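See structure below.
The values are calculated or read from the model by the stated rules, or taken from the named source; none is laboratory data. Values in this document were obtained by computation on a predicted structure and should not be read as measured data. Quick reminder, even Gly has a Cβ in these numbers, built from the backbone with ideal geometry, and neighbours come from all protein chains shown. Note: areas computed on protein heavy atoms with side chains; ligands, DNA, RNA excluded. Shrake-Rupley method; radii C 1.70, N 1.55, O 1.52, S 1.80 Å.
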Amino acid sequence: MPELARTPVRMCVGCKATTTSPILVRHIEQQSGPGCSIYACPACAPDYMSPNEAFSALFDHTLGCEQCSLPSPAEPCPTGHTLVRVHTAALRRIA
Ligand SMILES: [Zn+2]
Ligand SMILES: [Zn+2]
């Protein structure tokens, strides 16, 4: 299935399950070679992101996403939707 091949599949740093909606939670810089990126599934992402990090991920996504950057989108795209939920959950964790 061609759709599957295009779908980014990553292992979640929290529950170790593979997720088709990976959220980039951290980028680790390394002295030698390229850095490595840590991904989490939408359910675990709030555990690995501060509300600020979740907000800037949402902000960055919105800037680059045609659907989410509309003045008043009827529906954010699935990624935008997930990031909104992660941000909300991260806020709730510190409340
Ligand atoms: Zn997970
Ligand atoms: Zn979007």
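Ser50 meets the stated requirement of being surrounded by fewer than 16 Cβ atoms within 10 Å (Cβ to Cβ), under 27 Å from Lys16 (Cα atoms) and touching a helix residue (DSSP H, G or I) at 6+ places or on another chain (Cβ under 8 Å). Looking only at the range 46-95, residues that are at pLDDT 90 or above and among the small types (Gly, Ala, Ser) come to 8 in all. Residues that are surrounded by 14 or more Cβ atoms within 10 Å (Cβ to Cβ) and in a helix (DSSP H, G or I) were ranked within the range 57-71; the one that is farthest from ligand 2 (Cβ to nearest atom) is Ala57. Taken across the range 16-37, residues that are open to solvent by 90 Å² or more (accessible area, probe 1.4 Å), in a helix (DSSP H, G or I) and away from ligand 1 (no atom under 16 Å from the Cβ) do not occur at all. Candidates Ala74, Ala90: the one that is part of a helix (DSSP H, G or I) and away from ligand 1 (no atom under 13 Å from the Cβ) is Ala90. Within the range 56-69, residues that are in contact (Cβ under 8 Å) with a residue 12 or more places away in the chain and closer than 8 Å to Gly80 by Cα reach partners that are open to solvent by less than 50 Å² (accessible area, probe 1.4 Å) and within 16 Å of ligand 1 (Cβ to nearest atom) with beta carbons closer than 9 Å, at six or more positions or on different chains, in the pairs Leu58/Leu83; Leu58/Val86; His61/Leu83; Thr62/Leu83; Cys68/Leu83.
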